[in-house]
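Contents: one structure, followed by commentary.
The values are calculated or read from the model by the stated rules, or taken from the named source; none is laboratory data. These numbers come from a predicted model, not from an experiment. Every residue, glycine among them, receives a Cβ derived from its backbone with ideal geometry; neighbour counts consider all protein chains shown. What goes into the accessible areas is simple: the full protein's heavy atoms, side chains included, and nothing from ligands, DNA or RNA. Shrake-Rupley method; radii C 1.70, N 1.55, O 1.52, S 1.80 Å.
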Amino acid sequence: MYTFDDSKEDEICILSVGSGEGTRELVILDLALKRYPKVYLRVVEPSESAANIFKEKCAKLQESYPGFHADWHIQTFDEYRKAEDSSKSGEEKFHFVLCLHCLYYVDDIGTAMQFLYQQTKPGGAIAITMIDTKSTVGSLYEKLWNDDNYPISYKSGSQVRMQIKNRGWTSKSRSNWGRLDVTPMIDAPESEVGMAMLDWFTHTVNFRLTASKPMLSEVMSFFETGYEVKDGKKLVSNDREELVITKAITSD
């Protein structure tokens, strides 16, 4: 979706926020390592177990590409941002910033995105992936996260787009198709699997047992009225929105 002319660079620097086990990062690393003699990766990932799996994969890459090196920050994005802000060393480090499904959890979306922009070199790019708010799951999240009665508040793709628009940043976007099987949650809602799925979707614990009846009914209605049947499975749309922000070479 995005390329940039960095042929004069000896080393390509990549920041990955919320990498998990590094599945998508490895695809990008494979492309970069075949083109550039030196590649530096910084990973910010709060899950130590996921980061360790990614570390093992990167260690194998280093055996084939001695010009590749990485460092690891087992932190949330906000923890990392605050540490970088306090050290005053966080500006214009990276050619490419990858931010996968992690902006939901930041304290302040404007502060978070401005930090990412400052971390990006002129001519570089920020790739952000969020749940598409037009999908069934995305529309549910948009509803819940703007509901004062909901116990937690997360950021959404619409807030990211608003930040991009208000700041006048150049960007492109596209939606990637996705479907999730919610059959157990609809057909056996009080089963262990059904309740676990509901907790996963709502980012809570024991949502069926702790939510008010009106809220539970409203959440379930998103799934009960929003699914399609394919091969005997009840599927809801879980499309992903990918946004790429490019930082102009002349940008401050």
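Values for this structure:
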{"read-out": "Of every Cα-Cα pair in segment 1-153, the percent that sits beyond 19 Å", "value": "57 percent"}
{"read-out": "Most to least packed among 146-157, 237-248, 101-112 [average Cβ atoms within 10 Å]", "value": "237-248, 101-112, 146-157"}
{"read-out": "The chain: angle of helix 136-145 to the longest principal axis, Cα-based, in degrees nearest 10", "value": "90 degrees"}
{"read-out": "In degrees, nearest ten, helix 192-202 long axis to first principal axis of the chain (Cα)", "value": "60 degrees"}
{"read-out": "Tilt relative to the chain, helix 109-119 - C-alpha long axis, 0 to 90 degrees, to 10", "value": "20 degrees"}
{"read-out": "Relative contact order (%) - segment 41-145, alpha-carbon pairs under 8 angstrom, separation at least six", "value": "23 percent"}
{"read-out": "Amide proton proximity set for residue 179, modelled H, under 5 Å, gap of 5+", "value": "238"}
{"read-out": "Within the chain: Cβ-based charge dipole about Cα centre, in debye rounded to nearest 20 (Lys, Arg +1; Asp, Glu -1)", "value": "620 debye"}
{"read-out": "Of 63, 25, 142, the one that fluctuates the most in a GNM where the chain has Cα springs shorter than 10 Å", "value": "63"}
{"read-out": "Surface per residue (accessible, 1.4 Å probe) for the chain, Å²", "value": "52 Å²"}
{"read-out": "³J(HN,Hα) computed for each position of segment 12-23 - Karplus, 6.51 cos²θ - 1.76 cosθ + 1.60, integer Hz, glycine/proline x", "value": "9, 10, 10, 10, 10, 10, x, 6, x, 8, x, 4"}
